Each structure stands twice: as structure tokens, then as C-alpha cells.
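Colleague: The structure under discussion is supplied below as C-alpha cells; questions concerning it will follow.
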Amino acid sequence: MKYLFLSLFFCLSLKAQVINKTDGNQVKSSDTLVIDAGVKDSLKIFKPTINDYLYQTQLSEKKIFDTVLSQNKTFIFSQYNNQDNFGKIQFANIGSGFQNMVYSVNSEKNLSLLPENKSFTILKIDDIKYYDVKTPTAAFIYHNAVNNGAVLNSTYTQNIGARFNFAIDYFGLRSLGNYQNSLAANNNTSVSAHYISKNKRYQLFAHYISQNVNNQEYGGITDVGLFLAGDSRFSDRQNFQVNLLNSNSEFRYRRYYLSQEFAPFNVEKYPFKIRNTTFSQVNKYYFGRVLEPFYFSSPNDLIPNFPPFTKKYSQNFSNTTSLVFDKEKFKFDAGLRYQKIKTGATPGVISDLYIIPTDISENRIGAVGNLQIKLINRIDLKSFFEFSQGSAFGTFIKSENLLSVEPINGYKVDAHVNFQSSSPTFNLLENTSVYRKFNYYLKDANNETVTDIGGKINLKWFNAQLFGNYYRIDNYTYLDANAQPQQSGTSLNISKVGGEATLDYSKFHLNGKVLFQSALTNKDLLPMPNFIGRANIYYQTKAFKNAAEIQAGVKVYYFSKFASREYFPILNEFILPDSNSTSIGGQPIADGYINFKVKRLIFFVEAQHFDTTFSQNKSFTAPDYPLYDFRLNLGIVWYLFN
């Protein structure tokens, strides 16, 4: 696979590029420029602009490639998963995940197996991009790794004719890490295709994706005191003793997806369509390799004749047929859904109280619907509803409702009301392990019900945004300090308020973002920092006669001290802290950076956690897991419109 992408890279580099200098956020609405209309002969010569390079997800509108060096890019392309990770704190090695310090609902966990710490690079159905490009196009995103390795995300897409496009995307990560047994090796491969007929009565979206998130698990360091003491003997982090020496965790995610739309009549006169969507998805999670003394003290703590390498999985086959009404100002679809869902674990474990089932499966029947209304270009209403019923996992209900109002240009108000009632994520339903105390089966679990009410206000002044959320979670499902699943008897209520703004003075800019949050009830069930803040002060200017652009600054990330949950490698989840656990937070994390842009090529140079070069590192991702030390993070983002 790597030779294929190298070949594409050199082929595209050797060919001449015809690129309009207009940036993505400045383009006009005009399409391809006609350089010669064929006055002298019958041949027309076209010069593509940035407007000719578009992408979309299946149900979203088309967007142009964003090649602007904006202030948010330093938060995105400095991260190995190419996302703004505000509200999260990264483990010491890239590719090893994050601790999420802000509550949110991850729909990919619904009726599925997805460990929390394997979820941060997973591409959902709504994340897959489909393209429409005038010429063959490639994009490359590169990061260096920790100690040894690299990260590369490569995309190649091409139209064959005006109506068919295919794309190939590859993400590869390998990072050795600074601590013993902390290697991360992740890779994603996806192939997508989009076709629309000449009369626009038939449309197809299809993709296949294979994702692997593999990590060595070191279990944290054995003596936190040595880390906090700053002993020079441990400047080389390999000298720290770690709790696990031979454990691995692997997550494999595969999906085949096909969606087809057919309009029986002329779509201009009768905008009715029939849509059929089918996908098959398999998630598999593996843990172990050899027995780890850290988890047992005597043979009685082990299950006899049980393998140390265990497996869990989930399967989801889904088929949905919908009737669609599709107008620009009014869109509506409603349909029926059939699902076959199965989950299971390594068989053969019998506890003193129950038998953990080898697998649980069911057939589900349900209904789905979408509604979108646009009024006078100022009001936008979006609503989604899904209901399904099965014999094993009970009733599933999901409703999402968003109202957007823009009374005056530059001022926008969004308000949402979301509701979900679902079986707990499959990783908390059952687990089998060679270690006796980590086996469980949450039989007859109640649905976890989440009500989410919130909104945000966008203001033209200082490009400001204010936001707030209130969550009520009934039957909140969590892992206690013994790594056993529990459900709360009373509701967990969470409030969040925050804001973001940017102050500009000449070529100097200050961007700040803050979040205040609190668990109003059952605080001990979900520990969280009460405050998270980030400041970014930077200087940005054109250079070399406007042929290049420079952005340089310092950003500081901070969260208040709190009694954090502990990371539990066997499940790749976070569990409640025990009485001996330590609090984390209360330490600023400062990064200095300088970024360069030349045409469609952007260089990112970042001194991460540079404050540890003159002060001792006392920061943690989770108890026993120190935060990364100073490192020079190098990155490249390169768009090639051939």
C-alpha cells in the first residue's frame, strides 16, 4: 500500500499544477474560468479554481477544500487525529488516545462495541467524505512521532467523467513512545465512490473502511513519587518501571456501506425519491498476550484453562428503505429499518453466580425519519428521529432537534433538544477474562436515557461564541473502582457553560476559550474538572511579497485539579478512582509554534509542553500516567490540485 501512495505522490509532483491563488474562505461563487472560449478554434481552455474542488458527506451540502491558514489550524493539525481536542488530555504517546474530561454522547457506541480509548480516530458513516473534483487531487498530512516513527494521512481522489468520483484514503501511525511497552500502531484504509446519473434520477454512495487501533499497554508507572521528585536518573523515561510489560490491546473496525437513491419521476416537477441504505459493520476488541502479575497475587485469582488473550466483538447488519421528498427549502424522509445485531466474548468463563453468554443476538425492526426546513434564509430547522425494538437489547429511541436563527447578518442563535434511550454500550454489558475479578455480565440492564438541552450564540463582535448545555442522564452506566459495571439509581445531572472570542490588533491576535462545568448530582460517578481554558496569542502576516504567510505564537491549555478516573487497559475504559488514587490537573501546558504557508503547502513547527524545559513536569493524563514531556512536533499539510 505504501508504494502505491509514494507512486501517486511523485506522479502528482512531477506534473504541472494550475492553481488559482484565491484561498478557500475568499473565493467568489464563480465556477471554472474559461481562458479561451474558442474564438480562434473549437477548443476551449479551462483553468480550474478552488470552487472546482468540492467534498461532502452523504447528507450534507458540498464544501470547498479549506486551504486557509486560520488560527484554528494550529489546534487541528498539531494533533495526530487532526481534530481540535479541547476538553481532552492526550496520553504521553501519540496514537494512545485521550482522557475525555467533558461529557458527550458518542452515537457510535449505540448498540455496538467501542471501547472509549479506541474511539478517537474512528470514522463514522457521517465522517466519510465524497468528492467532486475537476482534476486529480491529492492531500497529505504528516506528523513526526514520539521517539521513533511517523504519522501520514494520504488522500487521492479523481472524477471519471462529470458524474462519477472515487477516493482512496490511508492513515498510518507508528510511534514508539518514551515509556516501556508503549508502542502505538494505528492504520485506516477507506475507499469511497459517488455516482449521479445524467438526468439526476439515480445516485449512489458507497464506501469500505478498515480501521485498526493497536497499542502496547504499559499500565502506568509503578512509583509516581519518583516522577514528581524529578530525579535526574529518570530523565530517560525508559528507566521507569511500569505495571504491565507484555500486554497489548487491539481494536478492529470494518464496514461495507451502500446507499442508492432513485427518482421514479422528473425530479424538477416531482421531487420524490426512494432511498435504500445497506451496511454491514464488525467491531472486534482483543486484549492480553501473557499473564501479568500486576492483576493477580495467587492462582486462585485466575480462571483455570482460560486463554490470556481474550476477544470481544459486535456485528451490525442494517437495511433501511425510505421515501424521500427533496426540495431546497423543505426536505423530508421516512422509512423502515431492519437490523441484525450480535455481540459476544471469548466463551467458557463460569463465575460463582452466573454463566456469561458466548453471544447475544437479535433481529430488530424500526423506523427512521429526517426533516429539514429553511425559511427566508434566516431560519433553519433540522430534526431526526429513530425508533427500533428488539428482544435482547430492548427499545432504542433517538431524537435530535436543532433550530438555527440568524436575525441579523453575523449574529446567529442555535438551540437544540436531543433525547436518547439505549442499552448501555456493549463493552459494559459483558466481559470475559483470565483474571477472575474482571469477569462480568450486566444482565437485564436498564436503558441509559440522556436528555440534552443546550445552544450557542454567535456574535459578530470579536468573532465571539457563547454556549451552554444541560444533561440529565438516567440509569447512568459506569465502571466502579473494581472495574465492574454499575447503573446509578438516581439521575446524573451536568451543566456546562462557556465561550470563545478573538481580539485583533493589527497583525496580533488573542484567541481564548473557556468552559465551566459541574455535575449537579452524583458528582462521584463522573469526576471532571470544573474549569477548562485555552489561550492562543499569535502574530500572522504575509511574507516574501505575499508569496508566503507566517503564523507564530504561544498557546496555553489548562484544566483545574480534580480526582480523575483511572485508565483501565483491560477494557480500554476509565474507571472510578480508588482511595489511593491521586488527583490530576492544576498545571498549565504551554506550546510555542511557528507555521508557514506557501501556496497549498503548510508547515507546522511546534514546541509542545515547552514549559517543562525550565520547570519540572508534574502533569498527568490519568493517575499513574504522566503527560508527555517537551517534544518538537513537526507537521506538513499539502494539497495538490493537479
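Colleague: Between Asn212, Phe332, Leu245, whose Cα lies farthest towards the positive end of the dipole of the stretch 207-360 when Lys and Arg beta carbons carry +1 and Asp and Glu beta carbons carry -1, centred on the Cα centre?
Modeller: The listed residue farthest towards the positive side: Phe332.
Colleague: Another question, if that's okay. Please list the non-local residues whose amide H lies under 5 Å from the amide H of Thr395, H modeled 1.01 Å from N, same-chain partners needing a gap of 5 or more.
Modeller: So Thr395 has HN proximity to Gly390.
Colleague: What size of dipole, in debye to the nearest 20, comes out for the stretch 214-333 about its Cα centre when the only charges are +1 on Lys and Arg C-beta atoms and -1 on Asp and Glu C-beta atoms?
Modeller: On the way: 15 positive and 12 negative charges, 136 e Å.
The dipole magnitude comes to about 660 debye.
Colleague: Still on this structure, I have one more. Could you state how much accessible area Phe508 has, in square angstrom rounded to the nearest 10, with a 1.4 Å probe and all protein chains kept in place?
Modeller: 120
Colleague: Separate question: Quickly estimate the mean residue ellipticity at 222 nm for the chain, helices only: each DSSP H run with n ≥ 4 gives -39500 (n - 2.57), and the total goes over all residues, rounded to 500.
Modeller: After summing the helix terms and dividing by the residues of the chain, the value is -1000 deg cm²/dmol.
Colleague: What are the lysines whose alpha-carbon lies under 20 Å from the alpha-carbon of Lys542, with same-chain residues fewer than 8 places away excluded?
Modeller: Lys542 reaches Lys21, Lys73, Lys507, Lys597, Lys599.
Colleague: I've got another one for you. Just name one of Ile570, Ile589, Gln551: the one whose Cα is farthest towards the positive end of the charge dipole of the stretch 532-642 (beta-carbon charges, Lys/Arg +1, Asp/Glu -1).
Modeller: My answer, from the dipole projection, is Gln551.
Colleague: With every protein chain kept in place and ligands, DNA and RNA left out, what is the accessible area per residue of the stretch 366-417? Probe 1.4 Å, answer in Å².
Modeller: Numbers: 2780 Å² over 52 residues.
Solvent-accessible surface per residue comes out at 53 Å².
Colleague: Identify, among Ala367, Phe272, Ser154, the residue whose Cα sits farthest towards the positive end of the charge dipole of the chain, taking +1 on the Cβ of Lys and Arg and -1 on the Cβ of Asp and Glu, with the dipole about the Cα centre.
Modeller: After comparing all options, I get Phe272.
Colleague: A follow-up question, please. Under the rule of at least 5 residues apart or a separate chain, name every residue whose amide H is placed under 5 Å from the amide H of Lys88.
Modeller: HN-HN under 5 Å from Lys88: Met101.
Colleague: Using packing as a proxy for protection, rank 270-276, 604-610 so that the peptide with the highest average count of other Cβ atoms within 10 Å comes first. Before the final figure, lay out each step's value.
Modeller: Details: 270-276: 15.6, 604-610: 19.3.
Taking the mean over residues of other Cβ atoms within 10 Å, the ranking is 604-610, 270-276.
Colleague: Dipole size in debye (nearest 20) for the stretch 507-642 around its Cα centre, Lys and Arg Cβ +1, Asp and Glu Cβ -1?
Modeller: Details: 14 positive and 10 negative charges, 187 e Å.
Computed charge dipole of the stretch 507-642: roughly 900 debye.
Colleague: By average Cβ neighbour count within 10 Å, what is the ranking of 289-301, 257-269 from highest down?
Modeller: 257-269, 289-301
Colleague: Report, as a whole number in µm² per second, the diffusion coefficient that Stokes-Einstein gives for the stretch 162-298 at 20 °C and 1.002 mPa s using the Kirkwood radius over alpha carbon pairs.
Modeller: 110
Colleague: Please report how far the C-alpha centroid of the stretch 364-396 lies from that of the stretch 200-261, rounded to the nearest whole angstrom.
Modeller: After rounding, the separation between the Cα centres reads 33 Å.
Colleague: Next question, about the same structure. Evaluate the charge dipole of the stretch 33-641 about its Cα centre and quote only its size in Debye, nearest 20, assuming +1 on the Cβ of each Lys and Arg and -1 on the Cβ of each Asp and Glu.
Modeller: Working: 62 positive and 50 negative charges, 435 e Å.
Here the stretch 33-641 has a charge dipole of around 2080 debye.
Colleague: How many times 2.2 N^0.38 Å is the alpha carbon radius of gyration of the stretch 76-125?
Modeller: Working: Rg = 11.1 Å, N = 50, 2.2 N^0.38 = 9.7 Å.
So the Cα radius of gyration is 1.14 times the expected 2.2 N^0.38 Å.
Colleague: Another question about this same structure. In square nanometres, what is one fourth of the surface area of the convex hull spanned by the alpha carbons of the chain? Working shown, then result.
Modeller: Values: hull surface 126.3 nm².
So the Cα hull casts an average projection of 31.6 nm².
Colleague: Could I ask something else about it? Spelling out what I want: for every residue of the stretch 513-528, take phi, set θ = phi - 60°, compute 6.51 cos²θ - 1.76 cosθ + 1.60 (Karplus), and round to whole Hz; glycine and proline get x.
Modeller: Couplings: 9, 9, 9, 10, 9, 7, 7, 6, 9, 6, 4, 6, 7, 9, x, 8 Hz.
The values are calculated or read from the model by the stated rules, or taken from the named source; none is laboratory data. A quick note: this is a predicted structure, and the numbers were derived from the prediction, not measured. Neighbour counts run over all protein chains shown; Cβ positions are idealised from the backbone, glycine included. The area values use the complete protein model at the heavy-atom level, side chains included, leaving out ligands, DNA and RNA. Shrake-Rupley method; radii C 1.70, N 1.55, O 1.52, S 1.80 Å.
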